[in-house]
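A.B. asks: Right, I'll just put the structure down here and ask away after.
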């Protein structure tokens, strides 16, 4: 009897810090189960071995920042039966998307001794702005258990079971006292998708929105609370401009307060 052919998995990197790929390597025992279920055909972070496509599943980390990136993601999409983007860079442009609100040429002049050698697009954009994406897994970095769930779901042709409610739900489950109510600490938890286990509020810090906007958000109401606590417009802009600055609800709210 012929052996069942394993699905081929590929992992691709664009403009990013590699943190989401490292989350996959950090799965430890779970990674062994994944490796047993699929053929890891292309994963430069873990192996130099490369098996040619097409691929049953491609995991893509990072944002599109150059014309070469824009061409390459189309090639990857064509050779991938399913394409899942992982992390804030791939789903919302990442920290590098802060340049979308500024003059890129000015940044080049400040940072590089020979800016004429630097070629890049005017904006850093998520993968979905360029090709069809089968699923977006958020986080900076992603939650490794959510990643395992998504890989399992995609390979078994079912919908991933990923929460879309806010970080406030995770705070309640951990028995945390609300940092905004008790301590007056600005917190984006009410408008941020769960996934971190309310890590920052558990240590008496406000949420930084690492997992992007929740399914139903009201940033306008939240910024009203920030203003009551004495935050200025500039501070509100900075609060919404971090890992997921160009995610639509956050972008609109920061632009509303921009001078």
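The values are calculated or read from the model by the stated rules, or taken from the named source; none is laboratory data. Because the structure is a prediction, the values reported are computed rather than measured. For neighbour counting, all protein chains shown are included, and Cβ atoms are generated from backbone atoms with ideal geometry for every residue, glycine included.
A.B. asks: Inspect all residues belonging to the range 224-236 and state whether any of them is touching a residue at least 12 places away in the same chain (Cβ under 8 Å), closer than 21 Å to residue 93 by Cα and in contact with a helix residue (DSSP H, G or I) (Cβ under 6 Å, 6 or more places away or on another chain).
C.D. replies: Yes, the conditions are met somewhere in the range 224-236.
A.B. asks: In the range 122-142, which residues are part of a loop (DSSP other than H, G, I, E, B) and surrounded by fewer than 22 Cβ atoms within 10 Å (Cβ to Cβ)? It would help to see each step written out before you state the result.
C.D. replies: Initially, the range 122-142 is screened for residues part of a loop (DSSP other than H, G, I, E, B), giving 122-124, 126, 130-134, 138, 140-141.
Those that are part of a loop (DSSP other than H, G, I, E, B) and surrounded by fewer than 22 Cβ atoms within 10 Å (Cβ to Cβ): 122, 123, 130, 131, 132, 133, 134.
A.B. asks: With respect to residue 40, determine if the residue is at pLDDT 95 or above, in the same structural domain as residue 135 (by TED's automatic domain parsing) and in contact with a helix residue (DSSP H, G or I) (Cβ under 9 Å, 6 or more places away or on another chain). If you could, list the steps in order and put the result at the bottom.
C.D. replies: On the way: at pLDDT 95 or above: no; in the same structural domain as residue 135 (by TED's automatic domain parsing): yes; in contact with a helix residue (DSSP H, G or I) (Cβ under 9 Å, 6 or more places away or on another chain): yes.
Taking the combined requirement at face value, the residue does not satisfy it.
A.B. asks: Taking residue 50 and the conditions (1) closer than 19 Å to residue 79 by Cβ; (2) in contact (Cβ under 8 Å) with a residue 12 or more places away in the chain, which numbered condition does it fall short on, given that it satisfies the others?
C.D. replies: Condition not satisfied by residue 50: (2).
A.B. asks: Under the condition of being in contact (Cβ under 8 Å) with a residue 24 or more places away in the chain and in a helix (DSSP H, G or I), which residue from the range 99-121 is surrounded by the most Cβ atoms within 10 Å (Cβ to Cβ)? Let's see the steps before the verdict.
C.D. replies: Of the residues in the range 99-121, the ones in contact (Cβ under 8 Å) with a residue 24 or more places away in the chain are 99-101, 119-121.
Now restrict to residues that are in a helix (DSSP H, G or I): 99-101.
Numbers: 99: 20, 100: 17, 101: 15.
Per the stated criteria, the residue is 99.
A.B. asks: Of all residues being in contact (Cβ under 8 Å) with a residue 24 or more places away in the chain and surrounded by fewer than 16 Cβ atoms within 10 Å (Cβ to Cβ) in the range 34-45, which is nearest to the chain's Cα centre (by Cα)? Just the residue, please. Working first, answer last.
C.D. replies: Keep residues of the range 34-45 that are in contact (Cβ under 8 Å) with a residue 24 or more places away in the chain, which gives 34, 37-45.
Keeping just the survivors that are surrounded by fewer than 16 Cβ atoms within 10 Å (Cβ to Cβ) gives 37, 39, 44-45.
On the way: 37: 25, 39: 25, 44: 20, 45: 18 Å.
Result: 45.
A.B. asks: Within the range 98-105, can one find any residue that is outside the structural domain of residue 210 (by TED's automatic domain parsing) and touching a strand residue (DSSP E or B) at 6+ places or on another chain (Cβ under 9 Å)?
C.D. replies: Just the residues of the range 98-105 that are outside the structural domain of residue 210 (by TED's automatic domain parsing), to begin with: 98-105.
Okay, now just the ones that are also touching a strand residue (DSSP E or B) at 6+ places or on another chain (Cβ under 9 Å), so 100.
Yes.
A.B. asks: For residues that are crowded, with 17+ Cβ neighbours inside 10 Å, within 23 Å of residue 226 (Cβ to Cβ) and out of contact with any helix residue (DSSP H, G or I) (no Cβ under 6 Å at 6 or more places or on another chain), scanning just the range 153-186, find the one that is modelled with the lowest pLDDT.
C.D. replies: Once the filter is applied, the top-ranked residue is 180.
A.B. asks: Does residue 31 satisfy the criteria of being at pLDDT below 95, out of contact with any strand residue (DSSP E or B) (no Cβ under 6 Å at 6 or more places or on another chain) and crowded, with 18+ Cβ neighbours inside 10 Å? Let's see the steps before the verdict.
C.D. replies: Values: at pLDDT below 95: yes; out of contact with any strand residue (DSSP E or B) (no Cβ under 6 Å at 6 or more places or on another chain): yes; crowded, with 18+ Cβ neighbours inside 10 Å: no.
No: the conditions fail for residue 31.
A.B. asks: Right, here's the next one. Just to confirm my filter: which helices (runs of 4 or more DSSP H) fall fully inside the range 14-98 and include at least 1 residues that are more than 18 Å from residue 150 (Cα to Cα)?
C.D. replies: On the way: elements: 19-25, 29-37, 67-78, 88-92.
Answer list for the range 14-98: 67-78, 88-92.
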